[in-house]
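Comments concern the structure below.
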Amino acid sequence: MTRSSTAMAGAALATVGLLGTATAFIQGSAPHALTETPAQSSFLRAYSELPDEEYTEAPAQENSFSWAASVLGLGAILGMAVGVIAPQPAQAITAEQFSQLTYWQVKGSGLANRCPTVESKGSSIAVKDGSRLVNACFEPKSFAVETETAKGKQFVTTKLLTRQTYTLTAIEGNLTSNPVTFKEKTGMDFQAVTVKLPSGEYVPFLFTLKNLAAKGEGSAIKPGFTWSGEFDVPSYRTGGFLDPKGRGMYLGYDQAVSLPALIGDGKDGQDSIFKENNKVFDIGKGAIEMEVNKVNADLGEIGGVFVSKQPSDTDMGAKEPKTILLKGIFYGKVV
């Protein structure tokens, strides 16, 4: 073989080697096969086998908020919530883990809208007079609205239109013992939420636990411990809000300009116009029932599920409120 042909063969081999290296670099190593752990498999299987939820409610009373006078009936719903509501294991995070994340690690991840999970340690947490419940968090997992259906008035599932800003957090309040009583004092205790009914109707409401007073039997919190109580539901709109016609409670027009004389003749149909023109700041009543399913005695943490019922927005007195049923998880720390 001549010297020139030997050089050409060497160059060809070098080119092949470079191409092979480049191809390996571009392609990278072979992707790892995704494996499904037994925990994920069982969770996904259980989730896929869940039947469609159906909500039923007793006939409505004449008083719009009469259902809030008692928490009866929530216990049965709570039992269903225990089996249905559970945070996905892949997204679960404890309060200790969350406290170690930076702002940039949390931003855009959705973690800011999640309640921490509790690692089970110990059997109970004793509650003494002077104790406090701090960093309490309530995260709804499902939203249902009572409305007219072909089968009568029922709770129907809805589509959530609000982004991940609907969780109540940093709630604090005093605890007293025997019976265990919690009185909410402060925190991010309200969030504006809007859901969409299957009919296409939008239902806004103020998810809140303002002035919650919850009570449960005993002097310790342990798995299976239940407590319930009522809370205030402020108006979805404040007094400074102006409707599309520029009417408000203490700002804007007293009435729509095109309807100057329609509130004085006393004829049928004037009630709705009167309510539209005369805005009010409604304060309704809600009821909640909670069940603890995990405690961490070392850290004083508790976690469980809740079921809450409350009225929707009334458009500052112009509309009758709908009843909202929420199910979700909660977290708190006893100090």
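The values are calculated or read from the model by the stated rules, or taken from the named source; none is laboratory data. Everything quoted here is computed from the prediction, not taken from an experiment. Using ideal geometry, Cβ is built from the backbone for each residue, glycine included, and neighbour counts are taken over all protein chains shown.
Odds and ends about this structure:
- Test: residue in segment 171-194 that is surrounded by 14 or more Cβ atoms within 10 Å (Cβ to Cβ), more than 13 Å from I324 (Cα to Cα) and in contact with a helix residue (DSSP H, G or I) (Cβ under 7 Å, 6 or more places away or on another chain): no
- Residue, nearest to N211 (Cα to Cα), within segment 257-280, restricted to residues that are at pLDDT 70 or above and crowded, with 16+ Cβ neighbours inside 10 Å: K279
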